[in-house]
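*Asks:* What follows is a structure written as structure tokens; I'll ask about it next.
The values are calculated or read from the model by the stated rules, or taken from the named source; none is laboratory data. In this text the structure is predicted, and so the values were computed from the model without any measurement. Here the Cβ positions follow ideal geometry from the backbone for every residue, glycine too, while neighbour counts run over all protein chains shown. What goes into the accessible areas is simple: the full protein's heavy atoms, side chains included, and nothing from ligands, DNA or RNA. Shrake-Rupley method; radii C 1.70, N 1.55, O 1.52, S 1.80 Å.
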Amino acid sequence: MAPIRSSIWHSSRLNQSMIQRISLANNSSHIRNFNTSKVQQHGHIHKPKAGEELHITFITKEGEQLTYEVAEGDTVLDIAQANNLDMEGACGGSCACSTCHVIVDPEFYDEIPEPDDDENDMLDLAFGLTETSRLGCQIKMTKEIDGIRVALPAMTRNLQSSDFS
């Protein structure tokens, strides 16, 4: 066993020596750049340009209708949160939960691009799913859906790991 211990110790010491040389070489001759990406602000919407305003109406759980002027490209989730409506968006708008579930007015449903597989998977978890249910984080405002009406469901379901303990 002595030779094995000796070879392990030797290779360990050799590796430390190599690591030190690599570190010295990297630190002395290379400048490392620090890159960042734009922060995604949850609930942040853009101010619409004059004459380019789009409209969305939310129907709250209590039946109140609230209409807002919004900019093209903003999501229903961001619009709701920017206006302090009761829409959670637990995953931050990454299509990984169903807490931004909305029920789209059938008049506008076909104007929205088809949901992808990820959205369909999350919709399966939504409370009160209907034929025109969608996730608010996946609906971007466009001229085609100007005037859209969406209803907030009576409840949302937010599954957490603690629910399975």
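*Asks:* So, Leu125, is that one open to solvent by 40 Å² or more (accessible area, probe 1.4 Å) and within 16 Å of Leu152 (Cα to Cα) or not?
*Replies:* It is true that Leu125 is open to solvent by 40 Å² or more (accessible area, probe 1.4 Å) and within 16 Å of Leu152 (Cα to Cα).
*Asks:* Of the conditions (1) free of Cβ contacts under 8 Å to residues at least 60 places away in the same chain; (2) open to solvent by 60 Å² or more (accessible area, probe 1.4 Å); (3) in a strand (DSSP E or B), His55 clears all except one; give me its number.
*Replies:* His55 satisfies every listed condition except (1).
*Asks:* Related question: Considering only residues that are among the acidic types (Asp, Glu) and touching a Phe, Trp or Tyr at 6+ places or on another chain (Cβ under 9 Å), look in the stretch 94-145 and name the one that is nearest to Gly63 (Cα to Cα).
*Replies:* Here the residue is Glu131.
*Asks:* Identify all residues within the stretch 58-71 that are surrounded by fewer than 16 Cβ atoms within 10 Å (Cβ to Cβ) and not hydrophobic (A, V, I, L, M, F, W, C); write none if there are none.
*Replies:* Passing the criteria: Thr60, Lys61, Glu62, Gly63, Glu64, Gln65, Thr67, Glu69.
*Asks:* Take the stretch 76-99 and flag every residue that is in contact with a Gly (Cβ under 7 Å, 6 or more places away or on another chain) and open to solvent by 20 Å² or more (accessible area, probe 1.4 Å).
*Replies:* Correct list: Asp78, Gln81, Ala82.
*Asks:* Within the stretch 91-117, restricting attention to residues that are part of a loop (DSSP other than H, G, I, E, B) and among the hydrophobic types (A, V, I, L, M, F, W, C), which residue is nearest to Gly73 (Cα to Cα)?
*Replies:* So the residue we want is Ile112.
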